[in-house]
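Values quoted throughout were computed directly from the atomic coordinates according to the rules given, and no laboratory measurement underlies them. Because the structure is predicted, anything quoted here is derived from the model rather than measured. As a convention, Cβ positions derive from the backbone with ideal geometry for all residues, glycine included, and neighbour counts pool all protein chains shown.
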Amino acid sequence: MKVRLNKFLAECGVASRRAADNLIAAGKVAINGRRAQIGDTVEATDDAVTVNGQRIHHDKFEDQLTLVLNKPAGVITTMSDEHGRKTVAHLLPKHRRLFPVGRLDAETTGVLLCTTDGALGRILTHPASEVPKEYEVIARGTLDRAAISSLDAQNHVKLPDGSHRFSIVLTEGKNRQVRRMCARHGLRVLSLRRTQFGPVRLGTLKLGCTRTLTQAEMRELSRLRAECA
């Protein structure tokens with residue numbers, strides 16, 4: 001099946017289509033040993049596509065893999081870091097070309113989906129999909145009824161040390177959004193953990209560990225993918 005090269009690279013999780021075009025224009029992509037050009041097409045199951053000399057496997061046409069990672073604090077949500085900081089790549093298997101779906105800031109823990117499926121990643125992070133993400137917050141400060149209502153905080157519990165534990169559900173993925181929402185109400189976040197991403201719950205998964213999707217999670221993600229196709 002013929003497919004445009006930038007789409008092929010995006011489906012394989014290498015980069016977005018725009019970023020893939022930049023790679024092609026920079027001469028970093030080859031098809032069967034020939035330097036690729038913007039607008040090229042490839043036979044997805046037959047042609048050898050390389051980026052910086054590394055063969056790109058046809059993950060879209062093979063069995064896709066999506067893992068659930070319980071990201072620890074201090075780990076960067078990227079596959080490499082120019083400053084030498086620990087990234088999620090250190091916690092993922094090396095035999096598949098996985099990439100994280102969306103981001104968690106360095107100090108936030110919890111559910112991070114990592115996949116070979118570029119199309120699924122884009123659906124889960126696109127604002128129009130409105131995929132809910134649930135966060136458990138522990139914060140210090142005054143949490144009155146007005147703040148609870150404004151934050152739409154659920155399951156509020158005041159802890160023995162005077163801090164507050166509650167959950168917030170968002171359908172957006174803006175940078176440090178929960179922390180900024182809390183700061184507007186004078187709350188200092190002590191702990192932030194994402195407990196759910198769409199149909200995928202953290203459950204009892206230990207920090208720094210991964211698991212495969214359950215059958216129920218795979219069905220729900222397939223349904224979401226079909227709805228957004």
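Looking at the chain alone, DSSP beta bridges between its own residues are antiparallel in about 95 percent of cases. When the Cα positions of F166, T204, T50 are compared along the charge dipole of the chain, F166 comes out farthest toward the positive end, with charges on each C-beta of Lys, Arg, Asp and Glu. Look at the alpha carbon pairs under 8 Å that are at least 6 residues apart: their mean separation over the length of the chain gives a relative contact order of 19 percent.
Given a cut-off of 30 Å, name the pairs among K2/K133; K133/K206; K7/K174 whose C-alpha atoms lie farther apart than that in the structure shown.
Numbers: K2/K133 36 Å; K133/K206 19 Å; K7/K174 26 Å.
Correct reply: K2/K133.
When shorter helices are ignored and each DSSP H run of at least 4 residues is given -39500 (n - 2.57), the per-residue value for the chain at 222 nm works out to -6500 deg cm²/dmol. Here the residues L159, L207, L192, L92, ranked from fewest to most Cβ neighbours within 10 Å of their Cβ, fall in the order L159, L207, L92, L192. Across the range 134-148, coupling constants 3J(HN,Hα) worked out from phi with the 6.51/-1.76/1.60 Karplus curve, θ = phi - 60°, read 9, 10, 9, 10, 10, 9, 10, x, 9, 10, 8, 4, 5, 5, 4 Hz, and Gly and Pro carry x.
Can you give the relative contact order of the range 133-197 as a percent, counting alpha carbon pairs under 8 Å and 6+ residues apart? Please list the in-between numbers first.
Working: 105 pairs, mean separation 34.0, N = 65.
It rounds to 52 percent for the range 133-197.
Scanning residues 5 or more positions from A36 or on other chains, those with amide H under 5 Å from its amide H are V29, A30, I31, with H placed 1.01 Å from N in the peptide plane. For the range 1-93, state which GluC sites (Glu not before Pro) are in a DSSP loop and have at most 14 other beta carbons lying within 10 Å of their beta carbon. Taking the range 1-93 and a limit of 14 other Cβ atoms within 10 Å, the loop GluC sites (Glu not before Pro) found are E62, E82.
The rule of thumb for compact globular proteins, 2.2 N^0.38 Å, goes into the C-alpha radius of gyration of the range 2-58 0.92 times.
Percent of alpha carbon pairs in the range 90-141 separated by more than 13 Å? Counting every Cα pair in the range 90-141, those more than 13 Å apart make up 67 percent. Here the dipole of the range 2-58 is about 180 debye; that uses its Cα centre as origin and unit charges on the Cβ of Lys and Arg (positive) and Asp and Glu (negative).
How big is D for the range 136-229, in µm² s⁻¹ as a whole number, if Stokes-Einstein is applied with the Kirkwood radius of its Cα pairs at 37 °C and 0.692 mPa s? Kindly include the intermediate steps, with their values, before the conclusion.
On the way: Rh = 15.2 Å.
For these conditions, the coefficient is 216 µm²/s.
Converting the Cα gyration tensor eigenvalues of the chain into ellipsoid dimensions via √(5λ) gives semi-axes, longest first, of 38, 17, 16 Å.
Remark: the chain carries a charge dipole of roughly 540 debye about the Cα centre, counting +1 on each Lys and Arg Cβ and -1 on each Asp and Glu Cβ.
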